[in-house]
Amino acid sequence: MVETPVDTADTKEQSVLVVGATGNQGGVTIDHLLAADSEFTVCGLTRTPDSEAARSLAERGVDIRRGNLNDKETLRPAVDGIDAVVIVTNIWSAGFDESILQGKNIADVAVEMGVDHVVFSGAGYHDRNLGIAALEPTGEVEQYIRSLNVPATFLRPVWFMHNLEPAYEDILDGTLALPVEEDVTLQMIDVDDVGRATAQILADPNEFTGKGFDLAGDERSLSEMARILSEVTVADVQPYTVPIEDAREEMGDAMAELFQWFNDEGYSVDIEHMERRLGFEFTSFREYLENNGWIDKKQPTRIPGLVKAMMQG
């Protein structure tokens, strides 16, 4: 799952600091960096270096560094001596305004400390000025990083397959409920592929500097997702379209607006082109289920702490 073949010609050992090291996306990025053919010194930024998750990373050889994204003073020693920084923010847990501040803070410190390359992971189409509240924070951070004097690459993943994990019990009870209309196909991606793409980019930064990539790995209707879930879990899963107004009550305005856009327009990433560009095949929805503990009703391997982890993975 974490094999990341790369061309090691013209590469040298580089130190990489992964922001949000104990989160889902930061964690899989570290997995791929540790598994890569290229030589990386992998460092992880966290506010809680004494946590069980941070200690587990340290046991695998990750240099754990303490830092608070709200406080530049704590970030400077963490970024000192680092060649590349991987920036991941969570707009749902931090809040929109605070996540923007956090992204700008770590970008400022990266420039100040002379980092050679920044990889920023946000949300699909966040650079298109669509007027969708959930896409604006990471879009603003990308625009800000582009205004700085630092080589950077931008990843824009679409809806994460792992967003289904908080609904695991409901799905196995027989209902896949999302505010997605029956005639709509939802593009999605395995968060593991975002980590893999990040490692590919860091292994060949000159090839990818200045570029941005919308990332998707599969495209399925609600009925197709329910059918595949049924086949993998051996449960009889039926699709149910949650009315947008019900979703608004449960998820809030920003998430309801995002799903309404999925229904009206949605993502249309050229998946095959992205696979050719990044040099690997993305994970299908079925493969994600098989790789993450859904077979025969087993517990998924990663359960996000918040249902609203939909843009962070």
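The values are calculated or read from the model by the stated rules, or taken from the named source; none is laboratory data. Here the structure is a predicted model, which means the values were calculated and not measured. Cβ coordinates were reconstructed from backbone atoms using ideal geometry, including for glycine residues, and neighbour counts include every protein chain displayed.
Things worth noting here:
- Residues being over 13 Å from the mean Cα position of the chain (by Cα) and under 18 Å from Gly81 (Cα atoms) - total across segment 16-32: 2
- Residue in segment 197-205 that is crowded, with 19+ Cβ neighbours inside 10 Å and part of a loop (DSSP other than H, G, I, E, B) present: no
- Condition met for Arg47 (on the phi < 0 side of the Ramachandran plot and modelled with pLDDT under 95): yes
- Residue in segment 45-54 that is surrounded by fewer than 24 Cβ atoms within 10 Å (Cβ to Cβ), of a type in the set (A, V, I, L, M, F, W, C) and closer than 19 Å to Val119 by Cα present: no
- Taking the criterion of being over 25 Å from Asp264 (Cα atoms) and of a type outside the set (Gly, Ala, Ser), the residues of segment 172-201 that qualify are Leu172, Asp173, Asp192, Asp193, Val194, Arg196, Thr198, Gln200, Ile201.
- Meets criteria (of a type outside the set (D, E, K, R), in contact (Cβ under 8 Å) with a residue 24 or more places away in the chain, in a strand (DSSP E or B) and more than 30 Å from Phe259 (Cα to Cα)) for Val111: no
- Members of segment 42-70 found to be closer than 18 Å to Asp80 by Cα and part of a loop (DSSP other than H, G, I, E, B), listed by number: Arg47, Pro49, Val62, Gly67, Asn68, Leu69, Asn70
Each row is one residue, and each column tells you yes or no for (1) in contact with an Asp or Glu (Cβ under 9 Å, 6 or more places away or on another chain); (2) of a type in the set (A, V, I, L, M, F, W, C); (3) under 30 Å from Leu202 (Cα atoms).
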{"position": "Ser230", "(1), (2), (3)": "yes, no, no"}
{"position": "Thr241", "(1), (2), (3)": "yes, no, no"}
{"position": "Ala247", "(1), (2), (3)": "no, yes, no"}
{"position": "Gly252", "(1), (2), (3)": "no, no, no"}
{"position": "Ala256", "(1), (2), (3)": "yes, yes, no"}
{"position": "Val269", "(1), (2), (3)": "yes, yes, yes"}
{"position": "His273", "(1), (2), (3)": "no, no, yes"}
{"position": "Arg286", "(1), (2), (3)": "yes, no, yes"}
{"position": "Gly293", "(1), (2), (3)": "no, no, yes"}
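- Tally, over segment 36-67, of residues that are among the β-branched types (Val, Ile, Thr) and closer than 19 Å to Ala197 by Cα: 2
- Being touching a strand residue (DSSP E or B) at 6+ places or on another chain (Cβ under 8 Å), touching a residue at least 60 places away in the same chain (Cβ under 8 Å) and over 27 Å from Ala84 (Cβ atoms) holds for only one residue in Asp246, Asp218, Asp214, Asp236, and it is Asp218.
- Segment 90-109: number of residues that are among the hydroxyl-bearing types (Ser, Thr, Tyr) and either under 20 Å from Pro151 (Cβ atoms) or surrounded by fewer than 18 Cβ atoms within 10 Å (Cβ to Cβ) (or both): 1
- Applying the criterion of being surrounded by fewer than 17 Cβ atoms within 10 Å (Cβ to Cβ) and either touching a Ser or Thr at 6+ places or on another chain (Cβ under 9 Å) or within 23 Å of Asn263 (Cα to Cα) (or both) to the residues of segment 147-167, the residue that is modelled with the lowest pLDDT is Ala167.
- Top-ranked residue in segment 114-146 [being part of a loop (DSSP other than H, G, I, E, B) and under 19 Å from the mean Cα position of the chain (by Cα); ranked as surrounded by the fewest Cβ atoms within 10 Å (Cβ to Cβ)]: Arg128
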